[in-house]
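The values are calculated or read from the model by the stated rules, or taken from the named source; none is laboratory data. Small disclaimer: the values here were computed from a predicted structure and weren't measured. Because the Cβ atoms are built from the backbone with ideal geometry, glycine has one as well, and the counts that use them run over all protein chains shown. Protein only, heavy atoms only, side chains kept; ligands, DNA and RNA dropped before computing areas. Shrake-Rupley method; radii C 1.70, N 1.55, O 1.52, S 1.80 Å.
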Amino acid sequence: MLCCPHKDKKFSQGDKKQETLRFWEEVSIMDEKNIPIRTYQVCNVLEPSQNNWLRTDWIPRSGAQRVYVEVKFTLRDCNSLPGVTGTCKETFNLYYHESNEDRESYIKESSFIKVDTVAADESFTQVDVGDRIMKLNTEVRDVKVTTKKGFYLAFQDVGACIALVSVRVFYKTCPLTIRNLATFPDTVTGADTSSLVEVRGSCVNRSEEREEPKMYCGADGEWLVPIGGCFCSPGYEERGGACKACTAGFYKARSVDPACAKCPPHSYSLRDGATVCDCHTGYFRADSDPASMSCTQPPSAPQQLISVVNETSVVLEWAPPRRLGGRSDAIYSVDRLGENPHLTHTRYTFTVHARNGVSRASGAGSAPSVSVSVTTNQAAPSPVSMIQVLDVTRHSLLLSWQQPDRPNGVILEYEVKFYEKDQKERSYRIMRTFSQTVDVTGLSPLTVYVFHVRARTAAGYGDFSSPFEFSTNSDPFPLIGEGVNSAFLLLRAAKNIYITYGAVQLIYSHSSLLSSLLSLLLPTGVKIYVDPFTYEDPDQAIHDFAKEIDVSSIHIEKVIGMGEFGEVCSGRLRLQGKREIYVAIKSLKAGYSDKQRRDFLSEASIMGQFDHPNIIRLEGVVTRCKPLMIITEYMENGSLDAFLRKHDGQFTVIQLVGMLRGIASGMKYLSDMNYVHRDLAARNILVNSNLVCKVSDFGLSRVLEDDPEAAYTARVGHIPIRWTAPEAITYRKFTTSSDVWSYGIVMWEVVSYGERPYWDMNNQDVMKAVEEGYRLPAPMDCPVVLHQLMLDCWERERAERPSFSQILNMLDKLIRNPGTLRRTGGDRYILPIPTGTMLESGLGSEVCVSVVPEACVPEWSVYEWLQSIGLEIYRETFAAAGYNNLESLLALTHQ
Ligand code: ACK
């Protein structure tokens, strides 16, 4: 604590001489330990228009981009100075001037740029050395210095009574660190308070790159978002952040192996750093054996070889060797001594050898073997050369064939072997017949079967014919009825073509049929969103869901922004018999295509189905004259992200939670309607003058991806990576649960007052980091419970994320018990990043990356289908009635 810097020269009580400092002066004083220190003081409080400057020497910036200036000073309270009127001030100004020169003797005041006006937290009223009444103030300001080699600081006094005690100028770095076996150097932070410096790490000694190691150095000197890393090289393992050699008796073969392992049986390592263990004498390792496998031996000879002669064929049988050598890959080879196998009365000697994977490595000459001699008798018939089909039905094939060219005796019977082509020979059937035809029955309709035929004489079976393929006929088409039947036919079509995105999407059908289908299945009172793209005629959808407004009742006032299709204006709407209201008017710019018209109006068809205080309300549309317009309620504070940035730090936590509650309530309503938003982000939330937040933007992006055509062409969809759940990015699984993920990101945006999620990281790194388990840290002053709720929304498994109804309950509870919002996490923290597989790639762009839509939609279970239409409670009922797949639903009757 400093003692009394103003002692010598300031006003002191009872001192009538009023000795005053005219300019900044260097004054020696004693600190509280009576050690002399130097201060700069000024105190011209009686004279108006003071402008006294004090400047530092040139300060080299040494690579820093943002410097911090910590000023310690004392300041006299004007009220405590007798006789002082309006001239006395209680602040001073801090300035800086960037320069390459360290010898500028005179710098014009006007070339200094103001950093801030600095006021004291504590001023003092009396000089009383003994009581230590004077208070030392410490204020820190930061300033971006990027243009020159160094800078000067200056202090401008405009009539205060101040003593500058110390000025400390510093910059921040993220300190040298090792993460995931990569070293990251001491790194100077970026120029702006929200900028991140991307730093590549280098693998520590004896390690190699797993994936390029990277981290970001945050403005406050903290390392953020480690990605990638290194593995210890073969022969080394991680110990205490370094790679240490495996000790004798241990080895590590691959860098991906987590640690050194004990040598496997029958092997050893004598030196440190072994990548593989050597085999004991008499034991071997095959080239393809992994280093983790025991060393093994070749097998002994096969045992108990016996032969069974069937006219001209011989069946040999033997038992495995007594010693398999510790392996399971024994193979046998048979050598034959003697000519022409199909001749009668020939003597042969067969030798069976046993080998395994280390037979070659063992260097032993011939493989251990066992032999047997046999004599054959008569030649078998030659193969049947052609099979024909005489008749086909849905379940049978009538086949015929010719006798073999060389029967070599009287044919006793034919054997027909056949199987479904798809099944290959995994399961086959055999039929025997004396004639040259067979009626094969019990077959499945519209299935390809493969047939082989062989003949048998007294000499045994000949070889099978080559394969012949024949297909059965298809089932006839089911009857198409009226009413209920057509609804189920549509259900079948829907299953085959496209069921997706939370509603049954029936393509090429009229929505009234959809309604009839749903009315059969839905309990009354459940309202389900109908996708306007299921309408054959898009104008029909607009007329079903939106009111046509006469253009004369709209009064456009000014342009407030640009939308996807053209300008967004504000204005007034006066409908007959109603009071005038403020509205937002989106218009479709001239020269649009049919498709653009349809896409533009689809937003109104979607919005028109919703009626909720947290969903932007559609007033109506203008489609009968040009330009086409969509009229919605007016939201005075515009979009939420810009609004929060403009009012950084100005709301209470309860106000922020109130906004989040509104958004959650709107999203619960949408999810109850089975509508999946897919682009939930603060930029798509609008705020009115009462701070009520409403979900908006039911526009184009979904339409593109939902387009059934798009699924079958290489059409490219746009996904806002930072807001989108991993499963929606990787395989387009957009569900209410992926909306919940986005909601978690919106929470983060709100609590951080519109900060960009994942700051200025690129999309590819965001995907990788999220995939590796990284989650956004709690924003400054974020209540722990809110961050926990965000983390719950970002569960990798979508089934584990909360529902909007649970989120809403949670927020209501927090609002009722604001005490729970008081605990904040303090410092930011980084979640550990588990190692795992990485996303292969992503194409980076500012907000969106392009993905090629999937070519087909996975088949749904009955449960998934029920879930998609909000009727999962009937799961048991359906299952109990035996409806286990969508196909089985086709058999449902109205009764
Ligand atoms: O952030 P903003 O002011 O809020 O800029 C965008 C712009 O139009 C383009 O979308 C604003 N906007 C859109 N709809 C409305 C509305 N219903 N009320 C007020 N502003 C709106 C949005």
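Between residue 105 and residue 816, what is the FRET efficiency for a Förster distance of 51 Å, r being their Cβ-Cβ separation, to the nearest 0.05? The pair residue 105/residue 816 has a calculated efficiency of 0.15.
Relative protection proxy for 618-631, 39-52, 420-433, 641-654, from highest mean packing down: 618-631, 39-52, 641-654, 420-433 (other beta-carbon atoms within 10 angstrom).
Residues of segment 623-658 with the amide nitrogen closer than 17 Å to a label point 7 Å from the Cα of residue 539, along Cα-to-Cβ, please. The answer is 623-629, whose backbone nitrogens lie closer than 17 Å to the label point. Applying the Karplus relation 6.51 cos²θ - 1.76 cosθ + 1.60 with θ = phi - 60° to segment 83-95 yields 3J(HN,Hα) values of x, 8, 10, x, 7, 6, 10, 10, 9, 9, 10, 9, 10 Hz, where x marks Gly and Pro. For segment 611-703, the solvent-accessible area with a 1.4 angstrom probe is 36 square angstrom per residue. Of the peptides 544-557, 182-195, the order by per-residue mean of other Cβ atoms within 10 Å, starting with the highest, comes out as 182-195, 544-557.
Considering only protein heavy atoms and a probe of 1.4 Å, how much of the accessible area of segment 73-211 is carbon and sulfur, as a whole percent?
Carbon and sulfur: 44 percent of the exposed surface of segment 73-211.
Between the beta carbons of residue 372 and residue 421, assuming R0 = 41 Å, the FRET efficiency works out to 0.55 to the nearest 0.05. Rolling a 1.4 Å probe over the protein heavy atoms leaves residue 88 with an accessible area of roughly 20 Å².
Taking the centroid of alpha carbons for each part, segment 395-470 and segment 594-660 are 71 Å apart. Computed with every protein chain present, the accessible area of residue 861 is close to 50 Å² [probe 1.4 Å].
Give me the extension gain from residue 244 to residue 412: residue separation times 0.36 nm, minus the current Cα-Cα distance, reported in nm with one decimal. Please list the in-between numbers first.
On the way: separation 168, 0.36 × 168 = 60.48 nm, distance 7.61 nm.
Once the chain is fully extended between residue 244 and residue 412, it gains 52.9 nm.
Annotation: residue 281 carries an accessible surface of approximately 140 Å², with a 1.4 Å probe and no ligand, DNA or RNA atoms counted.
Computing FRET efficiency as 1/(1 + (r/R0)^6) for residue 558 and residue 62, where r is the C-beta to C-beta distance and R0 is 41 Å, gives about 0.25.
With 18 Å as the limit on Cα-Cα distance, the pairs of 589/694; 72/108; 668/813; 144/172; 558/586 that go past it are 589/694; 72/108.
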